[in-house]
Amino acid sequence: MTDERLQALHRHLAETGERPVERTASRWLGEAEAVAANIADGELPEDVLAERLATVDHILSHVDSTDDAIADNHVEAAREIVDDLLDER
C-alpha cells in the first residue's frame, strides 16, 4: 500500500516549481522533486526507500530560503514529512 505521505512529499516539492523561487534553491528543489517523484508510488524496497528519503533530506539541507514565502512553506512541509518518515525507519 502506498504511504500517502510519499505522495504529499512529491506534491509539496512540485508546488515549489510553480513559484518564483531563487535560482540556486530552484535547482536543489528540482533535484529533490525528481527523487520524490521516484518514490511517490511507494513500490520500492524498504532499504531503497530509506536511501532515497535520506537523499531528499540531504538535498533539502542545501535550501535555506527560496525568497518566496509560499514555496518556503512547501519546503518546510516537505522537510517535516521526510523527517517523520526517516524517524520511522
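Listed values, structure above:
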read-out	value
Any chance Glu33 is open to solvent by less than 60 Å² (accessible area, probe 1.4 Å), within 24 Å of Asp87 (Cα to Cα) and in a helix (DSSP H, G or I)	yes
Boolean, Glu18 is open to solvent by 70 Å² or more (accessible area, probe 1.4 Å) and either outside any loop (DSSP other than H, G, I, E, B) or in contact (Cβ under 8 Å) with a residue 40 or more places away in the chain (or both)	no
Test: residue in segment 13-23 that is of a type outside the set (S, T, N, Q) and within 10 Å of the chain's Cα centre (by Cα)	yes
From Ile70, Ile39, Ile81, Ile59, residue being open to solvent by 60 Å² or more (accessible area, probe 1.4 Å) and in contact with a helix residue (DSSP H, G or I) (Cβ under 9 Å, 6 or more places away or on another chain)	Ile70
Check on Leu49, over 10 Å from the mean Cα position of the chain (by Cα), part of a helix (DSSP H, G or I) and either on the phi > 0 side of the Ramachandran plot or surrounded by 15 or more Cβ atoms within 10 Å (Cβ to Cβ) (or both)	yes
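The values are calculated or read from the model by the stated rules, or taken from the named source; none is laboratory data. Bear in mind the structure is a predicted one, so any value in this text is a computation, not a measurement. Because the Cβ atoms are built from the backbone with ideal geometry, glycine has one as well, and the counts that use them run over all protein chains shown. Keep in mind that these areas ignore ligands, DNA and RNA; they rest on the heavy atoms of the full protein, side chains included. Shrake-Rupley method; radii C 1.70, N 1.55, O 1.52, S 1.80 Å.
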